[in-house]
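**Q** Sending over a structure as C-alpha cells; questions will come in a sec.
The values are calculated or read from the model by the stated rules, or taken from the named source; none is laboratory data. This structure is a prediction, so every number in the text was calculated from the model and none was measured. Neighbour counts run over all protein chains shown; Cβ positions are idealised from the backbone, glycine included.
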Amino acid sequence: MRSAIRTRAELERVLQLTEAECEGLRQVRRSDQRGDDRPDGRTDMVAEARVGMPLLVTPYYLSLIDPEDPTCPIRRQCVPQVAESHCVRGDLVDPLGEVAHEVAPQLVRRYPDRALLLVTSTCAVHCRFCTRSRWVGKKEGYVPLTTLEPAFRWLQAHPEVREVLVSGGDPLVGSTGRLEGLLRAIKRIGTVDVIRIGTRVPVVLPMRVDDALVRMLRCYQPLWVMTHFNHPRELTDLSRAALCRLADAGIPVMNQTVLLRGVNDSDETLAALFRGLVRERVRPYYLLHADAVVGTGHLRTSMETSLALYARLQGRLSGIAVPRLMVDLPGGMGKVAVGPETIVSRKPGRTVFRSVGGENVTVFDPEPLMGIA
Ligand SMILES: *Cc1c(COP(=O)(O)O)cnc(C)c1O
Ligand code: SF4
C-alpha cells in the first residue's frame, strides 16, 4: 500500500496516457483535499462525487495492465477518464440510497434478516465504477470501534438481523489485529449468526491474504468471503494462491462481478471468468448490472445488453458457474433478479422493475444527456 501509485507522474512511468486519461487525471487531482467538510459542517457530496475518487492503484494490479493496449480491461477499471465528469440520466451520488437507509452510523439495513456495516473508507485500488465513490478514498480510514458502538447496540436490539455484511471500503486493507477486533465485537453481539466480508483484496492485493489472516478468519466462522473479480486476467498465480488459502481453510468464497462496458461485456470473457472462478473453488454468486453512480455512464451497459449477454451464458456453462443477474434498484429499493418475473415494462432507454416491496422502480440506460458523449 505504501508503494501504491497515486500520481499522474508515477502512472506515466509505466503507461503512455491517452488524452482522455490525462484530462481525467487532471480532474481527480483537484480532489486531493477530499474529505474536508465545508465550514458550515455539511459535505458538498455532489461536487465531491463529481470530481471523483483520487487515483489509487497497487503496483501489483498495475502490473496486470497491458501497456500496449489503451483499451485494456484492467486499465479501464482503475485509470480515470475524462468521461467521469459527465452525467447521464439516472445518475446518483448515492445510487442505493444507503445514507437514507442508515439505522445507526455506518449500519445500512434494507432487508429483514441482514444488514451492511461500512467499516472503512480505505481500499487498495480505487475502482472507477465504485458504488461508494461518495465515501471511498476519504481520510477516515478504519472507523473506530467506539463510533460503531451504536450500530452494535442496534444489532443487539434487533435479533431478527442474523447476518452482518462487513464492507467499506475494503475491510482487508488494515492490520489483521484491527479486523480481528472488529470481528470479535460483532461476535460479542450474540444475535449475529453469520458474518460476510466483502473484499477486493484477493483481486488487487492478493499477497495480503497471508496465513496469519486466514488463521484469524477461521476463528470467526461461520464467515463467508465475497470477492469481486471482474475479468479472467485478474485470475493470476498470486490471486489464485489467495483463493486457495481461503478455500483450504474451509472458508466459503463467493464472487460478485459487476458487468462493465469495455471490461467484461462479452459472453466469452464472462464464461472464461466464471469457469476460472469455479476452478479455484469460488462460486460465482451475482453478476450485477452496474449501479447508476454519477460519472460512470461510460462504464455501464444498457439493460438490453445485460439481458442478451446473460441469455447467451445460460445452458452453455455448468450450473455452478452461472451467477444470478441482479440489479440493485436505485433509491435503496433493494436487489432483484433481472428477468421476466421482475421486469414490468421495457421502453427504449428505460426498464421498469417491480421491487421486492412491490414498488415500480425505473432503471435508465446510460444514454448521454444533452449531447455530451
Ligand atoms: C446487497 C446488500 C445486502 C446483501 O444482499 P444479498 O442479496 O443477500 O447478497 C444486504 N444489505 C444491503 C444494504 C445490501 O446492499
Ligand atoms: S474495492 Fe470495492 S469499495 Fe473499494 S473502490 Fe473498488 S469497488 Fe469500491
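**Q** Quick check on segment 63-92: of everything there that is of a type in the set (Asp, Glu) and free of Cβ contacts under 8 Å to residues at least 60 places away in the same chain, which residue is surrounded by the most Cβ atoms within 10 Å (Cβ to Cβ)? Don't jump to the end; show me each part of the working.
**A** Taking segment 63-92 first, the residues of a type in the set (Asp, Glu) are 66, 68-69, 84, 91.
Within this subset, residues satisfying the condition of being free of Cβ contacts under 8 Å to residues at least 60 places away in the same chain are 66, 68-69.
Values: Asp66: 13, Glu68: 8, Asp69: 10.
In this case the residue turns out to be Asp66.
**Q** For segment 343-351, does any single residue satisfy the condition of being buried (at least 18 other Cβ atoms within 10 Å of the Cβ) and either outside any strand (DSSP E or B) or charged (D, E, K, R) (or both)?
**A** Taking every residue of segment 343-351 in turn, none turns out to be buried (at least 18 other Cβ atoms within 10 Å of the Cβ) and either outside any strand (DSSP E or B) or charged (D, E, K, R) (or both).
**Q** Same structure, new question: Does Pro222 satisfy the condition of being within 16 Å of ligand 1 (Cβ to nearest atom) and either crowded, with 20+ Cβ neighbours inside 10 Å or more than 30 Å from Pro340 (Cα to Cα) (or both)?
**A** Taking the combined requirement at face value, the residue satisfies it.
**Q** Output the strands (runs of 3 or more DSSP E) that fall wholly within segment 88-189 and possess 2 or more residues being within 16 Å of ligand 2 (Cβ to nearest atom) and under 28 Å from Gln77 (Cβ atoms), or say none.
**A** 114-120, 163-168
**Q** Every residue in segment 160-192 that is within 18 Å of Pro206 (Cβ to Cβ) and either free of Cβ contacts under 8 Å to residues at least 12 places away in the same chain or among the acidic types (Asp, Glu) (or both), please.
**A** Selection gives Asp170, Ser175.
**Q** Right, Met53: more than 30 Å from Ser266 (Cβ to Cβ), at pLDDT below 95 and either within 16 Å of ligand 1 (Cβ to nearest atom) or out of contact with any strand residue (DSSP E or B) (no Cβ under 7 Å at 6 or more places or on another chain) (or both) or not? First the steps, then the outcome.
**A** Values: more than 30 Å from Ser266 (Cβ to Cβ): no; at pLDDT below 95: yes; either within 16 Å of ligand 1 (Cβ to nearest atom) or out of contact with any strand residue (DSSP E or B) (no Cβ under 7 Å at 6 or more places or on another chain) (or both): yes.
Here the answer is no, as Met53 does not meet what is asked.
**Q** State the number of residues belonging to segment 93-103 that are among the hydrophobic types (A, V, I, L, M, F, W, C) and buried (at least 18 other Cβ atoms within 10 Å of the Cβ).
**A** Counting residues in segment 93-103 that are among the hydrophobic types (A, V, I, L, M, F, W, C) and buried (at least 18 other Cβ atoms within 10 Å of the Cβ) gives 1.
**Q** Considering only residues of segment 225-265 that are away from ligand 2 (no atom under 16 Å from the Cβ) and among the acidic types (Asp, Glu), which is surrounded by the most Cβ atoms within 10 Å (Cβ to Cβ)?
**A** Asp265
**Q** Scan (1) in contact with a Leu (Cβ under 6 Å, 6 or more places away or on another chain); (2) under 23 Å from Met226 (Cα atoms) for the single condition Val327 breaks and write down its number.
**A** Single failed check for Val327: (1).
**Q** Something else about it: For Tyr60, all conditions in the list (1) within 16 Å of ligand 1 (Cβ to nearest atom); (2) in contact (Cβ under 8 Å) with a residue 60 or more places away in the chain hold save one; what is the number of the exception?
**A** (1)
Yes/no matrix, rows are residues, columns are (1) within 24 Å of His228 (Cβ to Cβ); (2) small (Gly, Ala, Ser); (3) at pLDDT 95 or above; (4) touching a Leu at 6+ places or on another chain (Cβ under 9 Å):
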{"position": "Thr18", "(1), (2), (3), (4)": "no, no, yes, no"}
{"position": "Glu23", "(1), (2), (3), (4)": "no, no, no, no"}
{"position": "Asp36", "(1), (2), (3), (4)": "no, no, no, no"}
{"position": "Val57", "(1), (2), (3), (4)": "yes, no, yes, yes"}
{"position": "Ser63", "(1), (2), (3), (4)": "yes, yes, yes, no"}
{"position": "Asp66", "(1), (2), (3), (4)": "yes, no, yes, no"}
{"position": "Asp69", "(1), (2), (3), (4)": "yes, no, yes, no"}
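**Q** Cβ-Cβ below 7 Å, separation at least six or inter-chain, first residue in segment 131-159 and within 16 Å of ligand 1 (Cβ to nearest atom), second hydroxyl-bearing (Ser, Thr, Tyr): which pairs?
**A** Close Cβ pairs satisfying both conditions: Trp135/Ser121; Val136/Ser121; Leu155/Thr191.
**Q** I'd like the full set of residues that are within 17 Å of Glu98 (Cβ to Cβ) and not hydrophobic (A, V, I, L, M, F, W, C), limited to segment 116-162.
**A** The answer is Thr120, Ser121, Thr131, Arg132, Ser133, Arg134, Gly137, Lys138, Glu140, Thr147, Pro150.
**Q** Taking segment 193-217, which residues are surrounded by 20 or more Cβ atoms within 10 Å (Cβ to Cβ) and either in a loop (DSSP other than H, G, I, E, B) or more than 22 Å from the chain's Cα centre (by Cα) (or both)?
**A** If the condition is that a residue be surrounded by 20 or more Cβ atoms within 10 Å (Cβ to Cβ) and either in a loop (DSSP other than H, G, I, E, B) or more than 22 Å from the chain's Cα centre (by Cα) (or both), then Thr199, Arg200, Leu205, Val209 are the ones that fit.
**Q** For segment 190-204, give me each residue that is within 13 Å of ligand 2 (Cβ to nearest atom) and touching a Leu at 6+ places or on another chain (Cβ under 8 Å).
**A** Within segment 190-204, Ile197, Gly198, Thr199, Val201, Pro202 qualify.
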